[in-house]
């Protein structure tokens, strides 16, 4: 396939996800605005902390099993080796199920013993623990892997759209009915469940319609990772790398809530929502990279891999930089318009978080390139080092600069991550 065709295929797959996420972004801002206005800054902060806790534990526990589906399943899929492909999918399903159960247990224990440190009032602990059961429905990565393997990015794009629409419609109903915190949490929970069921049903339907599904069974006499050399090492590296990547996002919300309280957590949530929405289209290129990178790596076409990375970095980075300039000019007005002047204090931290995201966007092809070319261990080491630095400077930065300190730490971490990954890619290219 020609270089331009590769780039067009990748952008085509990404555009399906971006179009879905554009709708998602609109609905997300809408339901966040409704909840923020209806609950007020204190109660909205509590909603933020409960949801952030469950989401953080769910994400930490979640194996990125779709990576196994692509890494070990691409060649069997292309060559029609059904038994090998089925074994990869079974392995991925085991990872998903184990992660969901483990995540739930950890979340319940953590909420019971450390509620005060999480910024939870005693009265909301039972409610928070009940919400944590949504972790069982957060892991649908096997379904994601199967759909990506079959180039069904259109189906994947609908998942977040469905979740956001459910939250929006539910939030409108709760807003009109004058409901409180419990009602909004119920809507959030329902959206997670419906999105999970949609992904599971879609993946099963798409897989069954393919020739590759014939003879699929849930049990096999052969070992779970038979024909997948280094599968456990690969998955632990991927999972740890993904977990470390969550620190500057999910964990930051919990730290803000624990140190400053629910009100500041609410401001941080609003800031992150706006900054993420602005850079999300560029970041959505990342899921589309892995299938294409996996194909190019299986062909050992390193020159085209490098050219593709450069094209993506320049395209996405330029757009993100322009978006940062626009947000710097109109960010405060946007926050006032969406959630009201009560949350105007989120403007400063929003710009810092957005700047960190822009740096990440410039380097977005680097980590997928390392992982796709068998350097998942290197990617993990870089993430680990950057995470340690981030954790070391986060609290001092918060003490020195308040809420803005979280943004300062995020920018520093983004710069270090970009530099480390770029150096690793250059070194890897010199050896290739």
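For the stretch 81-97, how many residues are surrounded by fewer than 24 Cβ atoms within 10 Å (Cβ to Cβ), touching a helix residue (DSSP H, G or I) at 6+ places or on another chain (Cβ under 7 Å) and under 15 Å from residue 221 (Cβ atoms)?
1
Going through 163, 205, 134 one at a time, which residue ends up being closer than 28 Å to residue 68 by Cα, touching a helix residue (DSSP H, G or I) at 6+ places or on another chain (Cβ under 8 Å), at pLDDT 90 or above and assigned to a helix (DSSP H, G or I)?
Sole residue among the options that is closer than 28 Å to residue 68 by Cα, touching a helix residue (DSSP H, G or I) at 6+ places or on another chain (Cβ under 8 Å), at pLDDT 90 or above and assigned to a helix (DSSP H, G or I): 134.
Results for (1) loosely packed, with under 15 Cβ neighbours inside 10 Å; (2) modelled with pLDDT under 85, shown as yes or no for each residue.
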{"residue": "338", "(1), (2)": "no, yes"}
{"residue": "353", "(1), (2)": "no, no"}
{"residue": "359", "(1), (2)": "no, no"}
{"residue": "374", "(1), (2)": "yes, yes"}
{"residue": "420", "(1), (2)": "no, no"}
{"residue": "432", "(1), (2)": "yes, yes"}
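Take the residues in the stretch 220-256 that are in contact with a helix residue (DSSP H, G or I) (Cβ under 8 Å, 6 or more places away or on another chain) and not in a helix (DSSP H, G or I), then tell me which one is surrounded by the fewest Cβ atoms within 10 Å (Cβ to Cβ).
222
Looking at the stretch 117-131, can you tell me whether even one residue there is in a helix (DSSP H, G or I), modelled with pLDDT under 85 and at negative phi?
yes
Filter the stretch 376-386 for residues that are modelled with pLDDT under 90, crowded, with 19+ Cβ neighbours inside 10 Å and either closer than 17 Å to residue 251 by Cα or in contact with a strand residue (DSSP E or B) (Cβ under 8 Å, 6 or more places away or on another chain) (or both) and give the result.
383
Provide a single number: the residues in the stretch 108-126 that are under 18 Å from residue 262 (Cβ atoms), in contact (Cβ under 8 Å) with a residue 12 or more places away in the chain and either surrounded by fewer than 16 Cβ atoms within 10 Å (Cβ to Cβ) or out of contact with any helix residue (DSSP H, G or I) (no Cβ under 8 Å at 6 or more places or on another chain) (or both).
2
The values are calculated or read from the model by the stated rules, or taken from the named source; none is laboratory data. Since the structure is predicted, the reported quantities are computational estimates derived from the model, not experimental observations. A quick note on method: Cβ atoms are made from the backbone with ideal geometry, for glycine too, and the neighbour counts reach across all protein chains shown.
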